[in-house]
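Okay, so here's the structure we're looking at.
None of the figures in this text is laboratory data; all of them are computed from the coordinates on show. Source: prediction; values computed, not measured. Ideal geometry is used to build each Cβ from the backbone, glycine not excepted, and the neighbour counts take in all protein chains shown.
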Amino acid sequence: MTKRVIVLCCHLALLPGCVQTVAPWERGALAKPQMALVPDVQHSALMLHTYASKETSSAGYGVGGGGCGCN
Amino acid sequence: MIRHLASGFLAVFFAASASANPAPDCRLSRYQDGAPLNIAGFKGKVTYVDFWASWCGPCLQSFPFMAETYKEFKPKGFELIAVNLDEEREGADAFLAKQHADFTIASDPAGDCPRQYDVQAMPSSFLIDRKGNIRHVHLGFREKDKAEIRAQIEALLSEP
């Protein structure tokens, strides 16, 4: 029991490390292209546009022939 | 009565001098050789302290402007320090290889200076007057800021 409490306390002691904020000048690693949420912004915009135009009309995403294509 | 007035004036005077915003004197090192550099060492000159990093797009835009401004105002007592905050030096080396920068480049990878200056954006620039007070702060860099920054530098240069 005491052992468990000690282990738990050790883990809790490490938690404050998670709440550090990233300063504006520490974003070098985040600014790398491989850290982007989408690999290709233009491609993903195109895909999303197509998706919206298909989904909001008849057929689903990736299916040819659906929708009026007017979006 | 006169004594009261005098103490009132004194209070106002001290309040005004206290509201002046002295630039934190933080320790930097010169980018090229690591020689110690002190922002307070530029007292008596109008100093533009810019915090930049190689991964920041607007920083890249600001460099030609800074070079031009430095060239123009240097003879009138203007100094420009561009503080690099890259955590990895390779990026900054590649960045500087493509830039023609005559002004002082400093580095502070530990981030002590930006912490003291409370840098909120990249790039951030601080205009310090001849007495060592921060007078203007610019967050980010936009094309339309150029004229304003130049006007502020000119105004500060004309002060004693």
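Here are a few things to note about the model shown:
- Computed per residue of chain B from DSSP H runs no shorter than four, each worth -39500 (n - 2.57), the mean residue ellipticity at 222 nm is -12500 deg cm²/dmol.
- For the peptide B:50-60, the mean number of other protein chain Cβ atoms found within 10 angstrom of a residue's Cβ is 2.
- Karplus-derived 3J(HN,Hα) values for the stretch B:37-49, using 6.51 cos²θ - 1.76 cosθ + 1.60 with θ = phi - 60°, are 9, 10, 5, 5, x, 9, 4, x, 10, 7, 10, 10, 9 Hz; glycine and proline are entered as x.
- Each residue of the stretch B:65-77 was assigned a 3J(HN,Hα) from its phi angle through the Karplus expression (A = 6.51, B = -1.76, C = 1.60, θ = phi - 60°), giving 5, 5, 4, 5, 5, 4, 4, 6, 9, 3, x, 8, x Hz with x at Gly and Pro.
- Here the simple spin-label model places points 7 Å from the Cα toward Cβ, and for B:K146 and A:Y51 these points are separated by 4.0 nm.
- Only lysine pairs 8 or more places apart or on separate chains count here, and in the stretch B:24-158 those with Cα atoms under 21 Å apart total 16.
- Over every Cα atom in the stretch B:24-158, the radius of gyration and the widest Cα-Cα span, Dmax, amount to 13.5, 40 Å.
- Other-chain or far-sequence residues with amide H under 5 Å of B:V83's (modelled H): B:D50, B:F51, B:W52, B:A106
- Remark on B:N21: its backbone amide H falls under 5 Å from those of B:I134, a criterion applied only to residues 5 or more positions apart or on other chains, H modelled at 1.01 Å from N.
- The charge dipole of the stretch B:24-158, taken about its Cα centre with unit charges on the Cβ of Lys, Arg, Asp and Glu (plus for the first two, minus for the last two), comes to roughly 560 debye.
- Other-chain or far-sequence residues with amide H under 5 Å of B:C26's (modelled H): B:I39, B:A40
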